[in-house]
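Undergrad: Let me begin by handing over the structure; questions about it come next.
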Amino acid sequence: MAHGKDGGLTAGSISLIGAVAMGTGVMIGAGIFALTGQIAGLAGPWFPLSFIAGAIVTSFSAYTYIAMSNTWPSSGGIAMILTKAYGPGAVAAAASLLMALSMVINESLVARTFATYALRPFDIEGGPLVPVIGVGLIIFAYVINASGNRSVGLWSIVMSGFKIGGIALFGIAALWASGGDWQANGSEKTAPLGFVASVALSILAFKGFTTITNSGAEIVDPHRNVGRTIMISIAICVVVYLLVAFAVGASLPSEQIRAAQDYALAEAAEPVLGRSGFYLTVALAMVATASGIIASVFAVSRMLAMLTDMKMIPHSHFGMSGTIQSHTLIYTVVIAGLLTVLFDLSRIASLGAFFYLVMDMAVHWGVWRNLRDQIAARGWILLTALLLDAVVLVAFTTLKWRSDPMIVIYAVVGIALVFAYERVFLDQWTKTQEE
């Protein structure tokens, strides 16, 4: 295998169950606990339906990744897709780097969420302990990942099984205790622009499926199992998200969810399940976010290892021994740790949405323009995925420009710097790929 020596990548080291656990670990860790309150803040009382809209957009997007991964499975799959679409030039490298950065941003988001929930039993909200605990979780994720693929797979299976069962039980119990009757609670009205913009964050709740394509070559029987893993992971997350969103919506009005957006599930648990339900929710949040960090760090380090091997990003050993993958693992956790210290949850989520949507649109456009016939993909599905991303991105940008214009400026400058950096490093925007 091409990356065997330098990257330490092993074909067939991740089972179907392990890959599903890895994908759901990233999605559920961020989607429910880190984003529910922020989605409610944009979408208002109808925020559970934003998860449905996000699942629809994600399903169209997944078609592109599945079609490409079935043809060319690889570790660092998004980089492979972009390289096939644009050649090994600055466009492919920059879009790939945007994806990696959006995943690192997500790690800092989930790390801060872990810390926020961990401190709720002590009535501590904010303060210096949040980044300290968040960085500690990231270091723990590094230790797990440094022990090897099989440790990651086993850990993900155990953690994902526990948290999915526990979160589903929370949703069922909360709905039962509240009378099992959800309705759009709250005095806030849902503006169409706000609802569409909220889908940008809902998409982030599902984007963990790309973790699977990033590790495609390491999955058992990848031509068959990559697509199956993606669809199973999305289906599991849709069920869990809706169950919990309806439970939270039945327990609290949307304005109260928004006020407690960093710990919305814990806030929703206590009125219907009592103090014991509150503590159980805190425990589930910590399990979910921890497993999400572990799975994400694994995927990002693999992706950066492939980009280095493809000479799409520079690499320095900084005097360290070991493989390239072991170095990119360290770089990943260092960047995630810095973001955890420097930024708050709302802006972290917004940056992640901007970076991810731009990358996703680049994927759909490149595949539609250059590869749809080669992979026998339906062009109308590719264009629909591109259009849905564009509509959501425009709505999200418009809303953020009104409420927090600086985050839009940060995102535009960040994206421009990534593309400029890769243009200088690689000399050309696109290149003809040698077969």
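The values are calculated or read from the model by the stated rules, or taken from the named source; none is laboratory data. Small disclaimer: the values here were computed from a predicted structure and weren't measured. Cβ coordinates were reconstructed from backbone atoms using ideal geometry, including for glycine residues, and neighbour counts include every protein chain displayed.
Undergrad: May I ask you to verify whether Trp429 is among the hydrophobic types (A, V, I, L, M, F, W, C) and without any contact (Cβ under 8 Å) to a residue 24 or more places away in the chain? Even if it seems obvious, please write down each step before you answer.
TA: Numbers: among the hydrophobic types (A, V, I, L, M, F, W, C): yes; without any contact (Cβ under 8 Å) to a residue 24 or more places away in the chain: no.
Spelling it out, it is not the case that Trp429 is among the hydrophobic types (A, V, I, L, M, F, W, C) and without any contact (Cβ under 8 Å) to a residue 24 or more places away in the chain.
Undergrad: Check off (1) under 27 Å from Ile66 (Cβ atoms); (2) assigned to a loop (DSSP other than H, G, I, E, B); (3) not hydrophobic (A, V, I, L, M, F, W, C) for Tyr356 and give me the number that stays unchecked.
TA: Tyr356 satisfies every listed condition except (2).
Undergrad: Condition (residue is closer than 30 Å to Met310 by Cα and either of a type in the set (Ser, Thr, Tyr) or outside any helix (DSSP H, G or I) (or both)) applied to region 405-414: is it met by at least one residue?
TA: In the first step, residues of region 405-414 are kept if they are closer than 30 Å to Met310 by Cα; the result is 410-414.
Narrowing further to those that are either of a type in the set (Ser, Thr, Tyr) or outside any helix (DSSP H, G or I) (or both): 410.
Yes, there is a match, as at least one residue in region 405-414 is closer than 30 Å to Met310 by Cα and either of a type in the set (Ser, Thr, Tyr) or outside any helix (DSSP H, G or I) (or both).
Undergrad: Pull up region 1-60, narrow it to residues that are β-branched (Val, Ile, Thr), at pLDDT below 80 and within 25 Å of Leu386 (Cα to Cα), then point me to the one that is surrounded by the fewest Cβ atoms within 10 Å (Cβ to Cβ).
TA: This residue is Ile28.
Undergrad: Name the residue, out of Thr113, Thr83, that is within 20 Å of Val341 (Cβ to Cβ), part of a helix (DSSP H, G or I) and in contact (Cβ under 8 Å) with a residue 24 or more places away in the chain.
TA: Values: Thr83 fails: within 20 Å of Val341 (Cβ to Cβ).
Checking each option against the conditions leaves just Thr113.
Undergrad: Taking into account only those residues within region 243-271 that are of a type in the set (Ser, Thr, Tyr) and modelled with pLDDT of 80 or more, which is surrounded by the fewest Cβ atoms within 10 Å (Cβ to Cβ)? So that I can check it myself, show each step before the final result.
TA: Just the residues of region 243-271 that are of a type in the set (Ser, Thr, Tyr), to begin with: 251, 254, 263.
Add one more test, that the residue is modelled with pLDDT of 80 or more, and what stays is 251, 263.
Working: Ser251: 24, Tyr263: 21.
Top of the filtered list is Tyr263.
Undergrad: A further question on this structure: Can you name the residue in region 208-230 that is touching a helix residue (DSSP H, G or I) at 6+ places or on another chain (Cβ under 7 Å) and among the aliphatic types (A, V, I, L, M) and is also surrounded by the fewest Cβ atoms within 10 Å (Cβ to Cβ) among such residues?
TA: Val220
Undergrad: Of Ala268, Ala217, Ala290, which residue is in a helix (DSSP H, G or I) and either within 25 Å of Lys400 (Cβ to Cβ) or over 21 Å from the mean Cα position of the chain (by Cα) (or both)? First the steps, then the outcome.
TA: Values: Ala217 fails: either within 25 Å of Lys400 (Cβ to Cβ) or over 21 Å from the mean Cα position of the chain (by Cα) (or both); Ala290 fails: either within 25 Å of Lys400 (Cβ to Cβ) or over 21 Å from the mean Cα position of the chain (by Cα) (or both).
Of Ala268, Ala217, Ala290, the one residue that is in a helix (DSSP H, G or I) and either within 25 Å of Lys400 (Cβ to Cβ) or over 21 Å from the mean Cα position of the chain (by Cα) (or both) is Ala268.
Undergrad: A further question on this structure: Is there a residue in region 366-373 that is under 20 Å from the mean Cα position of the chain (by Cα), surrounded by 17 or more Cβ atoms within 10 Å (Cβ to Cβ) and either aliphatic (A, V, I, L, M) or over 19 Å from Thr83 (Cβ atoms) (or both)? Working first, answer last.
TA: The first filter runs over region 366-373 and keeps only residues under 20 Å from the mean Cα position of the chain (by Cα), leaving none.
Checked against the condition, which is being under 20 Å from the mean Cα position of the chain (by Cα), surrounded by 17 or more Cβ atoms within 10 Å (Cβ to Cβ) and either aliphatic (A, V, I, L, M) or over 19 Å from Thr83 (Cβ atoms) (or both), region 366-373 yields no hits at all.
Undergrad: Of the residues that sit in region 189-214 and are at pLDDT below 80, out of contact with any strand residue (DSSP E or B) (no Cβ under 9 Å at 6 or more places or on another chain) and assigned to a helix (DSSP H, G or I), which one is nearest to Ala390 (Cα to Cα)?
TA: Thr210
Undergrad: Same structure again: Please enumerate the residues belonging to region 75-84 that are surrounded by 24 or more Cβ atoms within 10 Å (Cβ to Cβ) and more than 24 Å from Ser350 (Cβ to Cβ). Talk me through it step by step, then tell me what you get.
TA: Just the residues of region 75-84 that are surrounded by 24 or more Cβ atoms within 10 Å (Cβ to Cβ), to begin with: 75-83.
Those that are surrounded by 24 or more Cβ atoms within 10 Å (Cβ to Cβ) and more than 24 Å from Ser350 (Cβ to Cβ): Ser75, Gly76, Gly77, Ala79, Met80, Ile81, Thr83.
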